[in-house]
Every structure is written in C-alpha cells, then in structure tokens.
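Quick notes on the structure that follows.
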Amino acid sequence: MEVPTKAEDSNGKKDGYSLMTKKLSYRLCRRFDETNWFSWGKARNSTCILKNVHCEAKPGEIMAIAGPSGAGKTTLLEILAGMIPPCRVSGHVLVNEQKMNTRHFRRVSGYVTQDEALFPFLTVRETLMYSARLRLRGGFQAATARVTALVKELGLEHVAEVRIGGEPRRGISGGEKRRVSIGVDLVHDPAVLLLDEPTSGLDSTSALHVAILLKSMALTQGKTIVLTIHQPGFRLLEQFDQILLLSNGTVLHYGSLHHLEQLLIIAGHSIPRHVNVLEFAIEVAETLDVDVVGSEIKDIEEYEYIRRIPDQGYARGHNTSYANFPFREVIILGQRFSNNIFRTKQLFLARMIEALLAGFVLGTVFKNATNVPRDLKLQTQTGFFAFSLAYLLSSTTEGLPIFLQERRILMRETLRGAYRISSYIIANTIVFLLFHLTVALLYSIPVYWLLGLRKEADGFLYFSLVVWMVLSMANSFVLCFSSIAPNFIVGKSLIAAVMGVFFLFSGYFISKEDIPWYWTFMHYLSLYRYPFECFMINEYGGEKGKQRCLARVKGQCYLYGDGFLMQLGLKESQKWSNLGVMLGFLLGYKFLCFLVLWYRSYRTAA
C-alpha cells in the first residue's frame, strides 16, 4: 500500500483544523476513577501530569506524541480531544487560533481510544452502518453510501459481512478490529482525528497498514491527525510529520525526526544502528537536559491575547445538533438492540429454553399439590408463588454484563453527540418489553396449567401479565444498578444483596404488622410484595373465591378464598392497583438509570 502524494487544495475541500497548546499544564488534584463515579476524596499530594506543553498539529499532517510510560501522552491526547475540558487545565488549547469549544469540537472530531468498544455480534458493515445512521443526516441512503466508501477506504471489503467477534467466538483480526474502531469515528468525516496508541497490540504488518491508512487520510483529505505511540518501528516513523517527545509531562522535543536525531547528537548520544531514532530517544529520555532541548523546540507564535468570542469562528457553518429526531434515534437503537439480543445466545436462546424448562419443572414438582388436603394445598401454592417470584426476579441478572458493555459504548457515543440518552432508555425499554413478553408466555403456559391453578382464561392471562411485569421490573432494576456499579462483580453483589432484603420484607416470611416500624418502609419498596399479592388475589379472589373452600373441619368449611385474603389484609381492588405500582417501579428505575447516565455524561463533558 503506497502513500499518495499530498493533494492540492480545491474549492470543494473542507476547511482544515489546526490544534495548538500554549503553556499547557495539568495537575491531578483529586482521586478520580472512571470505574467509580462516586469517589470524591481529594488526593493527599497533587501530581503534575503535564508541564508547560507547547505543540501544534496542522491540517494534512500527522503529529505523533511519544514518550516512556507515564510521560503524559494519553492525558495530553484527552485534552486535545476535549475529554478534559480546558477549564481544568492551565494554559490554552486553541482550535484555529481560538479557544476550544469542547462540546462543538467533540462532535466534529473523532477520538479513537486504545480499547475497542464494539458490539461483538454485529458485522463490520452493520457496526459502521449503525454509527453512520446515528451521526449522519440524509437518511438511510446517505449512510449506505458513506459506509460503502468507508469500507473500501479502510480495506475491509473482504470482512464486511463478518461479525466483530470477542473472547468466546473469534471474529475479525486485531488489525481489522482496530480499523473498524477508526471507521466508527470516521463515518461523519471529521476534520480532526485523534488516536490513542492505534498500533499497540498489532503485528508489524497490521501496524504499518494502519499508519499508511492514516497518512493517506491526512494527505488526500487534509485531516489533522494526532496519535500517541509507544514503540514505533522504522517504517512507522516515515509516516509522521511531527514528533512530540514527552518525559514526566515535559516536552523534550517538538519537530521533525531529523531534528530529533540532531538533538541526540548534540546531547552526546550515539544512536545504535539497529535502533531507530525515536525508540532510542525514548530510552534515554530521562538523561536529556530539558534546557538544552528547549532551545531546539520549534518556535510557536506568542499570542498577546486570546480571542474571547462566544460563538467561535471555527464553529460557524457546522451544525452540531443531533443528526436525527428522537423518534428516529429510538428506531435505530431499537434495531441495534434487537440484533444484539437475538444473536446473544446466552441471553436470547438460553433464556427462552430456561423459561420453558423452568415452567415444566416447577409445574411437575408442585403438581401433586392438587391431591393433598386443602390446608396443605394452600400452603404449597403459597410457597410456589414465593419461589416463582424468587426465580423470576433473580433470573434477569444475566443481563448485567451486557448492560455494562453497552454502558461503555453509550457514554462514548452520547459524549460525541450521536444520540440522546433518553432515546437509549426508551429503545431499551421497548425491545426488552417485547423480549420479556415472550419469556413470560413460555414460562406461564406450562406452569399454570400443570399446577392446576384457577382454570379460567382471565386467570391465566392475568397470571401471565404479572409474570411479564415482574420480568420487566427486574430488568429495569438491573439496568439501573448497571449504571451505578463499576464492574460485574460489584454489580452482581449489590443486586443480590438488595434482592435478598426485598424478599425478606415481601410479607411471605413476616407480615407487615410484625415488622418493626423503622423497617416498614422496606415493605413498601419490596419488589416481591406487589406481585405476590397479585398472585394471591388472582387465585383466591373474585366471585368464585367467595365460594371456594380452602379449609374444612369435620365437613364444615371454615375458610373461604375471600376470608383468606382478608386475613392477609388484601382487597380485590389491589389486583389492579398493585399492577400500577409495579409499572411505577419499572418506569421509576428507568428514570433513575437515565439520571445516573445523564450525570455521568454531564460530569465528563463539564
């Protein structure tokens, strides 16, 4: 693959973006862990990550940020990408000689992180297509045309219909996956592309392919490309126009590779033949004199003032609003959700089989309850309702790792202005409601009739409706905790602990009257209480409940269905009011999830 020569400017060429840092310093003054969003404690000793950094990335060029581990490469890239807003750093970050508007810049630029956040069950074309549909205007045809051209440009035509793959199932290669990650941030044709170690973990051929691809984009499309690199090879260095060498947050060199070689010679170093200039400079970075190096840094024009213009000139003419209306975002995200669910066998196929088997197993286990005395039958059916709820509410935790994976992608996409968080929540709700309706029917059909519950159509339909609401409510609960939990282990532990407390206060083990007053609120918050009461009212309430004898003494009935419900403090009207409460829980947990995700996105953006 040959590097094309630099294309001449034309009237149709997009305006270029230049990035410049001026006396940029960044000090880490508080503990901040992306996996733990509620950590607020201040660090005992602040750490200076970057010190007085001067650099400039120009259109049509590649600037490589190099240095040993801990030099501040990724931090500087995050500042240039607008991920760390300029208000949290000292100095200036300029875009076309004006102060950076981070919200605008994140939408017109592309930022490719080192870890690929891709859906493993989508194909290469589908991954790019969904990204294009969310970020481009012009509808499906415009997205299709852009993806077709991008697949060809990235050299991914031979794997366009292959799934991305992951650990359990291998898909495309590491180099191809890296190019897909780059393509996801290229669908909206950004003028600036920033990449964090795009060649790390790749073999020399794949790394060179990526570097040549980036060089081609810089030359032919006039893009401004900034990347970090850790261990550059000989041929990779030929693709870089400017080198920014950092050590402990300080600039040791900014300029061409040739100037870096001269700098090392002036500093008294002899470069071995088998080691390239940049790799050797990284090795001896700690021994270089910053004062000597400073004289070799390329001069940058001194600005007497920074223009303070509310509507930055570089932002004019670029529409940074969302590409789609909320309704269209919901449709696109819903289609992507559906593909992921149907192709995730652990969630879709296994969940269907599990629901069907559980219905048959529980139905056959409790089937003999119809042949025991009435008082024992009552106890057995009540135990079944309690166990059934425990199974239904705990069986939805398998969606936690999927939600956690989606959260990483969600935060990146919403931060770049691809869609609204509310659209994600609505699409998630609609898709999982349909999915859980199928699961509810597969569970209810065998268990209801095998167990010999009230043999009426309305009783079965109501039972199925309650099961559906329980599954959806539990899914909403898990989604809410997945927005808070830092990882799968913590999330599962929290969910299990809270579910256990809810089960304790459901009213099955201890009645409301016997619960201490200071724990009564947990009885009302319990996810088990309301569906348990619905099951009891559906089975023993209604007109037939008044004639249904549940216990006899010497041939005389002393307990009817309505009397049993009165002992439990239940009324017929609660049959529907409880469903309303369950719907409130479903929507409430979704709203809490929205607030948490919105706050995460807002805090990162601000």
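The values are calculated or read from the model by the stated rules, or taken from the named source; none is laboratory data. As the structure is a prediction and not an experimental result, all values here were calculated from the model. Reconstructed Cβ throughout: ideal geometry from the backbone, glycine too, with neighbour counts over all protein chains shown. Side chains included, ligands, DNA and RNA excluded: accessible areas come from the protein's heavy atoms. Shrake-Rupley method; radii C 1.70, N 1.55, O 1.52, S 1.80 Å.
Scanning the range 250-276 for residues that are among the hydroxyl-bearing types (Ser, Thr, Tyr) and touching a helix residue (DSSP H, G or I) at 6+ places or on another chain (Cβ under 6 Å) yields a total of 1. Would you check if Gly91 is assigned by the TED database to the domain that holds Lys223, in contact with a Lys or Arg (Cβ under 6 Å, 6 or more places away or on another chain) and buried (at least 24 other Cβ atoms within 10 Å of the Cβ)? In short, no.
Candidates in the range 216-254 are the residues that are under 17 Å from Leu278 (Cβ atoms) and of a type in the set (Gly, Ala, Ser); of these, the one that is surrounded by the fewest Cβ atoms within 10 Å (Cβ to Cβ) is Gly233.
Scanning the range 487-516 for residues that are among the aliphatic types (A, V, I, L, M), over 21 Å from Ser395 (Cβ atoms) and either in a helix (DSSP H, G or I) or out of contact with any helix residue (DSSP H, G or I) (no Cβ under 7 Å at 6 or more places or on another chain) (or both) returns a single hit, Ile510.
One line per residue, one yes/no per condition, for (1) outside any strand (DSSP E or B); (2) in the same structural domain as Leu94 (by the TED database); (3) modelled with pLDDT under 50:
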site: Thr5; (1), (2), (3): yes, no, yes
site: Glu8; (1), (2), (3): yes, no, yes
site: Ser25; (1), (2), (3): no, yes, no
site: Glu56; (1), (2), (3): no, yes, no
site: Ala64; (1), (2), (3): no, yes, no
site: Pro68; (1), (2), (3): yes, yes, no
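For the range 474-490, taking the residues that are in contact with a Leu (Cβ under 9 Å, 6 or more places away or on another chain) and open to solvent by 40 Å² or more (accessible area, probe 1.4 Å), the one that is nearest to Tyr589 (Cα to Cα) is identified as Ile484. For the range 215-224, does any single residue satisfy the condition of being at pLDDT 90 or above, within 32 Å of the chain's Cα centre (by Cα) and in a strand (DSSP E or B)? Scanning the range 215-224, I find at least one residue that is at pLDDT 90 or above, within 32 Å of the chain's Cα centre (by Cα) and in a strand (DSSP E or B), so the answer is yes.
Residue by residue through the range 50-88, note down the ones that are more than 22 Å from the chain's Cα centre (by Cα) and charged (D, E, K, R). Once the filter is applied, which keeps residues that are more than 22 Å from the chain's Cα centre (by Cα) and charged (D, E, K, R), the range 50-88 yields Lys51, Glu56, Lys58, Glu61, Lys73, Arg88.
Summed over the range 109-128, residues that are over 18 Å from the mean Cα position of the chain (by Cα) and surrounded by 22 or more Cβ atoms within 10 Å (Cβ to Cβ) total 2. Here are some residues: Leu471, Leu504, Leu461. Which one is within 30 Å of Ile426 (Cα to Cα) and either touching a Cys at 6+ places or on another chain (Cβ under 9 Å) or open to solvent by 60 Å² or more (accessible area, probe 1.4 Å) (or both)? Of the residues listed, the single one that is within 30 Å of Ile426 (Cα to Cα) and either touching a Cys at 6+ places or on another chain (Cβ under 9 Å) or open to solvent by 60 Å² or more (accessible area, probe 1.4 Å) (or both) is Leu461.
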